[in-house]
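The values are calculated or read from the model by the stated rules, or taken from the named source; none is laboratory data. All figures in this text were calculated on a predicted structure; none of them were measured in a lab. Here the Cβ positions follow ideal geometry from the backbone for every residue, glycine too, while neighbour counts run over all protein chains shown.
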């Protein structure tokens, strides 16, 4: 029996379902989005490989958002296979660009450096030839994140500022508020990682003043996080406490759970400064386990408070375990003035010289506190 091609009403219905799935993904209802997208796969004509590829990619994105990177990769591979059957056209190239950008994100987190470099190199000429503003901005994020990894999230180079400002100016010209806000947040993070805290805070405050929760939920979370970290880095306990309270009240951390773990680390630091070791330890551990679960590269924010607490409790063996974790590769760099005494402390611990280990652990924490890393 020969199947009839879908009519106009069927096509509209499929498009509406796809849009609903996108809204479910944006709102964090990933299981519901996947259920709808799988139904779409059955309804799409078998030879509409472009639509099939797009839906597979969007299923992968739901897993990507939940940091289930290997599962996401399996759907991106299916998306690529379907796309290979599509005749070359601008639409095909646009979908290919979308897929490769999404794929780059998980390849980076899976630490497949060779594949990441290959995809990044393939993307550049395609972006220049076919990319729209949104795709250029998303590719900027790929390059920006690559710089973060290569520089250890520490003292980022001037190039990071240049690429952010270029897309901000382009978005301003084309009156695209979403892309402008996203890149402004990236620029604020850049200033934060360059230890230019006032610039980071100023830009984040401008973002909060210019947008509402409607449609900008994740960008609000990012802006609050930057402001809170800028005060933590400046060792301003009262301001950090004030803005952390505002963040927990005004930001929807369901939009990006990893920022909740980072905010918990700031809360832990506040409790530590106020002398409440019990609450400091509890929130630091919550942050620590969340960051580990999602392989986020900011363990130092929760590990340094935990090391400080263990020293006060005279739990040196545990403090050394945390020091080992802090020295792991693919983590945000901290000052060598912190790394060196930690390494010496581990050597003393290895020789069963617990007092010596404690001394150098304390030296590391003292420097971390004085320089804004704690």
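For this structure, a couple of remarks:
Results for (1) modelled with pLDDT under 95; (2) over 22 Å from residue 145 (Cα atoms), shown as yes or no for each residue.
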position: 292; (1), (2): yes, no
position: 297; (1), (2): yes, no
position: 304; (1), (2): yes, yes
position: 311; (1), (2): no, yes
position: 316; (1), (2): no, yes
position: 337; (1), (2): yes, yes
position: 344; (1), (2): no, yes
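- Filter pass, residue 319 being closer than 23 Å to residue 192 by Cα and either more than 26 Å from the chain's Cα centre (by Cα) or touching a residue at least 12 places away in the same chain (Cβ under 8 Å) (or both): no
- Taken as a whole, the condition of being assigned by TED's automatic domain parsing to the domain that holds residue 222, in a helix (DSSP H, G or I) and buried (at least 20 other Cβ atoms within 10 Å of the Cβ) applies to residue 168.
- All positions within segment 171-203 that are surrounded by fewer than 16 Cβ atoms within 10 Å (Cβ to Cβ), assigned to a helix (DSSP H, G or I) and either out of contact with any helix residue (DSSP H, G or I) (no Cβ under 7 Å at 6 or more places or on another chain) or not assigned by TED's automatic domain parsing to the domain that holds residue 217 (or both): 173, 177, 178, 198, 202
- Within segment 322-367, if we keep just the residues that are assigned to a loop (DSSP other than H, G, I, E, B) and in contact (Cβ under 8 Å) with a residue 40 or more places away in the chain, the residue that is nearest to residue 111 (Cα to Cα) turns out to be 330.
- Residue list for segment 124-171, filter: on the phi > 0 side of the Ramachandran plot and either modelled with pLDDT of 85 or more or over 15 Å from the mean Cα position of the chain (by Cα) (or both): 155
- For segment 23-36, the set of residues classified as over 13 Å from residue 63 (Cα atoms) and surrounded by fewer than 16 Cβ atoms within 10 Å (Cβ to Cβ) consists of 23, 27, listed by residue number.
- Residue in segment 266-273 that is part of a helix (DSSP H, G or I), in contact with a helix residue (DSSP H, G or I) (Cβ under 8 Å, 6 or more places away or on another chain), surrounded by fewer than 18 Cβ atoms within 10 Å (Cβ to Cβ) and not assigned by TED's automatic domain parsing to the domain that holds residue 207 present: no
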